[in-house]
1. Could you identify which residue out of B:Ile102, B:Ile173, B:Ile46 has the top mean-square fluctuation in a GNM of chain B using Cα springs shorter than 10 Å?
2. When the expected Rg is taken as 2.2 N^0.38 Å, what fraction or multiple of it is the alpha-carbon Rg of segment C:1-50?
3. Could you work out Rg/(2.2 N^0.38 Å) for segment C:38-292, with Rg from alpha carbons only?
4. Given a 1.4 Å probe, how much area per residue of the protein assembly as shown is accessible, in Å²?
5. From the backbone phi of segment C:29-34, what are the Karplus-calculated ³J(HN,Hα) couplings (6.51 cos²θ - 1.76 cosθ + 1.60, θ = phi - 60°) in whole Hz, Gly and Pro given as x?
6. Pull up the cross-link candidates among the lysines for C:Lys2, meaning alpha carbon to alpha carbon under 23 Å and not fewer than 8 places away within one chain.
7. Given the -39500 (n - 2.57) contribution per DSSP H run of 4+ residues, what per-residue ellipticity at 222 nm results for chain C, rounded to the nearest 500 deg cm²/dmol?
8. Which residue, C:Ala197, C:Ala258, C:Ala18, has the most motion in a Gaussian network model of chain C that connects Cα atoms within less than 10 Å?
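The values are calculated or read from the model by the stated rules, or taken from the named source; none is laboratory data. The model shown is predicted, which means the values in this text are computed figures rather than measured ones. A quick note on method: Cβ atoms are made from the backbone with ideal geometry, for glycine too, and the neighbour counts reach across all protein chains shown. Keep in mind that these areas ignore ligands, DNA and RNA; they rest on the heavy atoms of the full protein, side chains included. Shrake-Rupley method; radii C 1.70, N 1.55, O 1.52, S 1.80 Å.
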Amino acid sequence: MSETAFYTKDLSVFYGEKQAIKKISMDFAAREVIALIGPSGCGKSTFLRSLNRMNDLIAGVRIEGEIWIGGRNINHPGTDVVRLRQNIGMVWQRANPFHKSIYENIVFGPRYHGIRDKRKLDEIVERCLRKTALWDEVKDRLNGSALALSGGQQQRLCIARSLAVQPSILLMDEPASALDPVSTAKIEELIAELKKEYCIVIVTHNMYQAARVSDRTGFFLMGDLVEYDNTQKIFTNPSNRSTDDYISGRFG
Amino acid sequence: MNHPVQSDKPEGDRLSRFPKHIREEWFGRVYVYACVALLIVTIFSIVWFIASRGLNPFISGGLNLSDLLFGRQWNPEGEPPLFGALPFLAGSTATSFIAAAIAAPFGFCAAVFMTQIAPKAGRSILQPAIELLAGIPSVVYGFVGLTVIVPFLRNNFTGQGFGILAGSLVLSIMILPTVTSISTDALGTLPAGLKEGSFALGATRWQTIYRLILPTTLPSLLTGIVLGISRAFGEALAVQMVIGNAPIIPKSLFESAATLTSIITLEMGNTVGGSLHNNVLWSLALILLIMTFLFVFIVRVLERRAKR
Amino acid sequence: MKAKTADRIAIAVIVAIACLIMAVLAALLGYLLFRGVSHISLHFLTSEPETIKTGGGIGPPLFNSIFLLVLTMIITVPLGLGAGIYMSEYARANRVTDFIRLVIEVLSSFPSIVVGLFGLLVFVQFFHLKYSLISGALALTVFNLPLMVRITEQAIRGVPREQKEAGLALGLSHWKTIRSVMLPMGFPNIMTGTILAAGRVFGEAAALLFTAGMSSPRLNFSDWNPTHLSSPLNPFRPAETLAVHIWKINSEGLAPDAPEIAAGASAVLIIIVLLFNFGARWLGRAIYRKFTATK
């Protein structure tokens with residue numbers, strides 16, 4: 001594995017009194033895909049959403065422990081969360097394009113971050129859409145509504161939108177679970193392609209998907225990180241009994 | 001690693017202690033906090049200003065509280081002037097309670113119709129109709145009361161037509177939307193299994209409604225009725241136009257009477273600021289204000305009941 | 001058998017009452033329009049009211065109502081948006097928020113006459129604004145603000161959480177996310193609610209008796225300089241609105257044709273309120289369709 005992009009140390013999340021994830025320590029390398037798997041309610045999404053402090057939005061949430069990115073513990077209260085999130089892109093289960101044109105969806109972030117030059121913005125749009133293999137499909141209707149795209153296209157547009165602010169980390173929360181098999185395959189191809197530049201953390205309930213796209217896999221169970229190892233090892237020779245049970249479909 | 005997208009402009013902003021996103025967040029916060037602060041200032045100044053004028057007659061010694069609340073004579077020009085507000089208290093209470101008594105069964109039936117009997121017709125016809133009733137201005141209700149209800153009462157019953165009953169009838173139509181919408185909400189949130197269970201036991205629709213639905217939703221229905229009474233109690237012009245404006249306690253529903261709001265409406269503009277007469281009108285306004293707080297309190301208690 | 005009979009009777013009564021409510025509404029509107037519409041003419045809509053002669057119109061009151069509505073909305077909308085955004089986005093679940101919620105509830109329960117009296121004390125007397133359009137607009141703001149706050153709060157709460165998160169994840173500040181992502185999405189609901197609120201403001205009279213006043217100066221409709229006393233646009237002049245005019249001619253109208261004028265003016269008022277109602281519904285549906293349409 002190459003340089004470490006970021007790591008967590010003893011990260012715990014509480015919803016009120018209930019501890020949703022328990023002292024998770026994990027490291028993530030640049031140019032690597034990490035899959036988080038586990039039965040629903042195991043805390044994998046909660047963990048993912050803590051990494052860009054998105055859980056701050058939920059009332060009554062308390063986060064303990066450390067998240068180190070670029071030499072800084074971003075779970076520190078003084079962190080500039082807004083700037084932090086610019087460095088961490090996010091993709092959701094349901095595609096959530098803004099109710100604007102395709103073009104506006106992509107330039108929305110960069111424009112906010114100070115890029116006004118029309119040529120530069122055009123460049124960003126083309127680059128991001130090419131990266132997500134959307135360019136040829138939509139280049140003639142950039143000013144059309146993003147909502148007119150198919151579900152799979154919308155999801156790829158959302159990925160393109162997050163790429164436009166040039167993050168180094170991408171968080172994906174079950175990005176293909178609402179899509180048909182063809183669109184899912186496209187997203188998976190895309191992940192393999194994006195891996196060349198980004199550290200990608202993907203939550204999935206589809207074990208085949210985890211096996212196909214990821215380099216390393218973490219198995220979560222009831223708030224604990226049970227096992228974290230190379231994907232191949234996890235799926236062929238897991239060292240933990242419950243991991244074995246889960247991937248062989250005996251529960252969950 | 002990638003470097004986050006950079007601005008066209010020089011580095012100045014990114015490095016400053018207060019970059020754009022922090023400045024705009026501050027601006028937003030200051031703006032919304034100011035708006036909320038204004039709401040709070042408004043309510044306190046309403047209480048402060050009206051109370052300071054309304055308490056004046058008691059502080060200056062021109063009048064004591066029991067004379068105001070229990071005095072049956074309103075004769076500000078008399079010698080000595082008399083400021084008994086009991087006729088207005090009685091008028092306000094009578095009109096609003098009778099109006100609620102008329103509106104409550106109608107509102108409940110409308111809600112049952114919309115939720116239990118014909119939800120489709122209810123939503124597409126009755127609901128918009130009731131919303132329209134809520135949108136009609138009170139002076140228009142007053143006008144209709146004056147030109148339809150008052151002559152009708154005059155021709156068919158004793159008296160001139162003006163009075164408590166005319167006021168109550170007008171008010172009952174005005175508060176019907178309030179009562180109906182609260183009842184509809186309450187009936188709409190009933191657990192689905194409740195009704196099916198009752199039908200399964202062989203109960204008819206009507207048995208289900210009055211044995212099961214009515215008792216379960218009673219606290220919410222009462223909330224609607226209290227809100228209706230509250231609105232009726234504070235309504236000014238529609239009542240003033242049809243009640244006859246005689247500062248006496250009427251012996252029947254067909255005799256002219258007056259309410260707190262009607263006397264304020266009529267006399268506030270005709271009295272000299274600072275005079276005892278004028279200040280007593282502010283005391284009446286203060287009573288309206290206190291009643292509002294009382295109604296809000298009752299509604300809150302009922303809502304807490306309904307949640308349990 | 002008895003239970004079934006009771007059931008049938010009870011259901012019949014409920015249906016009858018539903019029909020009766022419809023009939024009352026129909027009769028109400030029918031009566032107002034039937035009595036009033038014949039009196040509406042261009043002359044009626046544009047000419048000055050008369051105090052003791054026949055042939056008075058409702059031109060100035062009608063203009064005052066519209067102008068006052070505009071003034072009120074200019075003040076109310078930004079304040080309501082701000083407080084509504086606070087309630088939906090910045091308020092934490094604590095006692096302060098509970099208190100603010102109580103404040104809004106109480107404020108919306110105040111009888112409009114009390115709001116008018118408050119306006120008389122504070123705007124007319126304390127701030128020396130006298131009986132004027134601006135006093136009236138401020139009183140109507142107090143009257144309308146709680147509703148506006150509620151409309152905004154609900155509209156913003158209705159925005160899907162993913163939309164908000166999408167904005168934040170791009171590194172937008174919370175405020176920018178609200179302004180550029182959430183407000184545009186809540187806009188159709190805010191718009192619909194605002195139009196309905198405008199209808200309510202348009203028909204309000206009790207709050208205006210002692211703030212905007214019960215009479216207007218002679219207006220010169222060719223003088224549009226807002227600083228002149230006789231200019232219709234002067235916000236510091238007294239103004240009798242349409243609703244107040246209806247109340248006044250009903251209770252103290254001396255003109256021989258007062259009943260006809262009242263009927264005509266009521267019909268005009270009700271037509272405008274109906275327009276607001278239907279306009280809001282239509283606009284809400286149209287915007288909704290535009291947003292969900294997939295071309």
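1. Highest fluctuation of the listed residues: B:Ile46.
2. 2.17
3. Working it through for segment C:38-292, the quotient is 1.15.
4. 43
5. Result, ordered by residue: 5, x, 4, 4, 5, 4 Hz.
6. Candidates past the 8-residue exclusion: B:Lys195.
7. Mean residue ellipticity, 222 nm, calculated: -22500 deg cm²/dmol.
8. Per the Cα network of chain C with a 10 Å cutoff, C:Ala18 tops the list.
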